[in-house]
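Written out below as structure tokens is the structure these notes cover.
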Amino acid sequence: MLDTQSLKVLSQALEKLDSGFRNLPEFQAQGGDAEQLAIVLGAVAEKLQDNFPYFHPLYAGQMLKPPHAIARLAYALAMYINPNNHALDGGRATSALEKEAVAEIAAMFGWTEFLGHLCGGGTMANLEALWVAGQIHPGKKILANEQAHYTHKRISSVLQLEFEAVPCDERGKMELSALEIRAKKGDVGTVVATLGTTATGSVDPLVGILELGKRYGFRVHVDTAYGGYFVLASNLAGSAKQAFENAHRADSIVVDPHKHGLQPYGCGCVLFRDPAVGKLYKHESPYTYFSSVELHLGEISLECSRPGAAAAALWATQKLLPLVRNGEFAKGLEAGREAALQLYGRLLKDSRFEPAFEPELDIVVFLPREESREKTSIRSRNIFAAAARRDLHLAVAELPVRFWNNAAFANPSSTETVTCLRSVLMKPEHLEWLEPIWDRLLKADNETSSALA
Ligand SMILES: *Cc1c(COP(=O)(O)O)cnc(C)c1O
């Protein structure tokens, strides 16, 4: 099932790369004895078997999907050079690829003038955005949806900025009325709008947040590490669609190519609408920059050494699958969303289950119907395990009881949670695999139905 054919393509490209250095005198590069390499690599392969099959459509649990073949190959090819995108001295070619690829991501949101770069992932990208936010509004607070990624609270603590969570509604979206009450106090520096929460794919009401931002003078940072690429999808509904259409009005945006962008881990991206924030990064390094006068990526990022290979992989992927509406890449996102809507529809019609709310992106959260919250939580875990025994991999999540209007949870408090099932249908193949997924889910449900009697 794992692609081995494309290694021939890598081999050809490697010869081409090698030919660019033909003028150099021969030397014997460190390699290693093929037999020994095979033994050790075989051991690695055996160790790696101890994983869930993230690449398979029956893996429909967490936010995991394999990189595209072109990303894998371009990354592997670049590793023979191992460029460092910290500075032009370390990665001339891949720095250029990074600038092009990042400009394409910015253009996806409608930005032609901006400042941005790649980084290790969404955590680092958000750290930079909040670091800039903290310098522009020193001493003021960072606010985010209570369902925002937990990294915002931690990053704020690293940056010694005060953080406060804003309550969400019963669909996991930030409550605008609660935000306004907070903003009136006048000590809010930045509000993080999450377009696609990690747990449920809920999209914060960005337009309302931007309006409050104007009224109360706070910055708006869009964390769309997970959801960002959905700006290209043509099958979003009402308020989610509106939020993505207005993302360009934010002060900064974070999107993770290693989540929905078909990249190997180690690829996040941060974008700032105002290129002038670049001056905040100013520093003088005596050792990194001595042979080029152009702007270095290292001068506009907090991280120093970074893999140029990540830029090569991203650039290649976007060449093969351009970031355009109605293109093949956008169609893949649309298929995942359609799969989520269809799964939601099936759950809604089936009395054995109760979905929380209609998915805004491609994440579905649901419960098995039980007579109490405690029994529901146990049953969710049992179904999760029973499904895994049938090679269907779902995820469990701990979410507010308010997300359901289930009679078994009468008068829930705002902090009460329940363990539910969660499925991220982020592979295009999930749409075609809905029937086998559903079939296994019903069998897992059936197997666990008597266990609590
Ligand atoms: C995944 C995610 C993050 C964290 O990003 P990493 O790439 O895992 O570091 C932050 N915010 C959101 C909304 C996410 O989905």
Percentage of interatomic Cα-Cα distances in the chain larger than 28 Å: 55
I want to check the label-to-label distance for residue 80 and residue 17. Put each point 7 Å from Cα in the C-beta direction and report it in nm to one decimal. 0.6
Alpha carbon centre of segment 411-453 versus segment 176-239: separation in Å? 29
When the helices in the chain are scored as -39500 (n - 2.57) per DSSP H run of 4 or longer and the sum is shared across all residues, what 222 nm value do you end up with, to the nearest 500 deg cm²/dmol? -12000 deg cm²/dmol
Square roots of five times the Cα gyration tensor eigenvalues for segment 79-320, Å: 30, 21, 14
At a Förster distance of 30 Å, what's the computed FRET efficiency of residue 34 paired with residue 8, Cβ-Cβ distance as r, to 0.05? 0.95
What do you get for Rg/Rh over segment 233-377 if you use C-alpha atoms and the Kirkwood form of Rh? 1.11
What is the diffusion coefficient of segment 208-263 in µm²/s, taking the Kirkwood radius over Cα pairs and the Stokes-Einstein relation at 20 °C with a viscosity of 1.002 mPa s? 177
To the nearest 20 debye, what charge dipole does the chain have about its Cα centre, counting +1 at the Cβ of each Lys and Arg and -1 at the Cβ of each Asp and Glu? 640
The answer for the chain, accessible area per residue at 1.4 Å probe in Å², is 48
With a 1.4 Å probe and all protein chains left in place, how much of the accessible area of the chain comes from carbon and sulfur atoms, in whole percent? 55
Within 10 Å of each candidate Cβ there may be at most 16 other Cβ atoms; applying that plus a DSSP loop requirement, which GluC sites (Glu not before Pro) in segment 1-82 survive? 26
Report the extension gain between residue 45 and residue 374 in nm, rounded to one decimal, defined as 0.36 nm multiplied by the number of residues separating them, less their alpha carbon distance. 114.4 nm
For segment 328-452, what size does the Cα cloud have along each of its three principal axes, sorted from largest down, in whole Å? 46, 31, 22
Normalised radius of gyration for segment 1-145, please: alpha carbon Rg relative to 2.2 N^0.38 Å, two decimal places. 1.42
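The values are calculated or read from the model by the stated rules, or taken from the named source; none is laboratory data. The structure presented is a predicted model; accordingly, all values stated were derived computationally and were not measured. When we count neighbours, we look across all protein chains shown, and the Cβ atoms used for this are built from the backbone with ideal geometry, even at glycine. Side chains are part of the model used for accessible areas, which takes the heavy atoms of the whole protein and leaves out ligands, DNA and RNA. Shrake-Rupley method; radii C 1.70, N 1.55, O 1.52, S 1.80 Å.
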